[in-house]
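We did not get these values from a lab; they are worked out from the coordinates using the rules stated. Quick caveat, the model's predicted, so the values are computed rather than measured. Here the Cβ positions follow ideal geometry from the backbone for every residue, glycine too, while neighbour counts run over all protein chains shown.
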Ligand code: CA
């Protein structure tokens, strides 16, 4: 079972999160300060970190930078600061997801499962092959029939998410949550624009689609056209 380090100074939340996750079979270590947390991460190399931003000895954002300097461990930031700019900043600093306090036990579990699943997806096999499309997740390279395709970071994330779920119809809501990390919703327009750019780069159009197929009213799927 996966091991999780929780860094949270509020005793009530720390014990709640610890007991909930331990009940689900995770191996949990909890610390109340940033420096204890960093030491625990270095010593135990956990599979996931849940990090509170408001800590007594060091700002959580600073700690996040320090964690990223030594480890690629997935980090879920738990914060009372609901403002978008804080969330965006933590994602820019390398957080994998976030929870806004107060969060429910169900939200916590869902985020933990999702982040661990993503982490194991990419550590298992670094390449996804769908027809003539080869996506190297580590190198972030894409080739189509042997030709390199240049994608923006978001286009790459979108394509690799669809490729990881090739054949499945993915809803816009799921794309917003998983690729744009906006589980609270956002603009469909953003997705449409990126899909259209991606189509152009794959040499296809919505009317004459090969890999990227829109399922009207449901979502989009990536398929092997051969
Ligand atoms: Ca706190």
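Here are some notes:
- Label sites at residue 69 and residue 173, each approximated as a point 7 angstrom past Cα along Cα to Cβ, lie 4.2 nm apart.
- Approximating the spin labels as points 7 Å out from Cα along Cα→Cβ, the residue 129-to-residue 190 distance works out to 3.4 nm.
- Put in order of Cβ neighbour count within 10 Å, fewest first, the listed residues 98, 194, 216, 165 become 216, 165, 194, 98.
- With N counted as the residues of segment 1-77, its alpha-carbon radius of gyration over 2.2 N^0.38 Å works out to 0.98.
- Across segment 57-104 the C-alpha pair distances fall into 5 Å bins from zero in the proportions 5, 22, 33, 24, 12, 3, 0 percent.
- Value of Rg to Rh for segment 110-169 (Rh from inverse mean 1/r over Cα pairs, i.e. Kirkwood): 0.98
- Sequence of 140, 111 once ranked by neighbouring C-beta atoms within 10 Å, starting from the fewest: 140, 111
- R0 of 45 Å, Cβ-Cβ distance residue 45-residue 208: FRET efficiency to nearest 0.05: 0.40
- Pairwise Cα inverse-distance average, inverted: Kirkwood Rh of segment 127-222 (Å): 13.4 Å
- Of 109, 164, 23, the residue with the greatest mean-square motion in the GNM of the chain, using alpha carbon springs below 10 Å, is 23.
- Globularity ratio of the chain, using Cα Rg and 2.2 N^0.38 Å: 1.11
- DSSP bridge analysis restricted to the chain gives an antiparallel fraction near 50%, rounded to the nearest 5.
- Rounded Å value of the spacing that divides the Cα centres of segment 1-66 and segment 138-204: 32 Å
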